[in-house]
1. Place the peptides 55-67, 31-43, 15-27 in order of packing, highest mean first, counting for every residue the other Cβ atoms within 10 Å and averaging per peptide.
2. Given an 8 Å cut-off on Cα distances and at least 6 residues of separation, report the relative contact order of the range 18-77 as a percent.
3. The range 11-82: percent of C-alpha pairs farther apart than 16 Å?
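Please treat every number below as a calculation from the coordinates, not as lab data. The model shown is predicted, which means the values in this text are computed figures rather than measured ones. Note that we place each Cβ from the backbone using ideal geometry, even for glycine, and neighbour counts take in every protein chain shown.
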Amino acid sequence: MKHRPRPKEQDDLLRPRLVDIIDMRHELVKLAELIDWEFFETEWAGFFHSSKGRPATSPRLVAGLMYLQHADTRAKAGTSAP
């Protein structure tokens, strides 16, 4: 079972949209725009499948979390992350 696609964004009067909260000039936002997420979706889809129960984890989420973990580890070690 593949992960569920994200629902279309819907305007909510009481809740601001995430793109209105995030600073689009932040280095992680710029990095996310440069990454070929389709590559991760196609290449990693088989590793994060679900045969029953909970929906599968998105390969994009896993790749992003792995990068953040790597960057955090490097920051704690005193080296800069690329």
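1. 55-67, 31-43, 15-27
2. Values: 20 pairs, mean separation 12.9, N = 60.
Here the relative contact order equals 22 percent.
3. Counting every Cα pair in the range 11-82, those more than 16 Å apart make up 65 percent.
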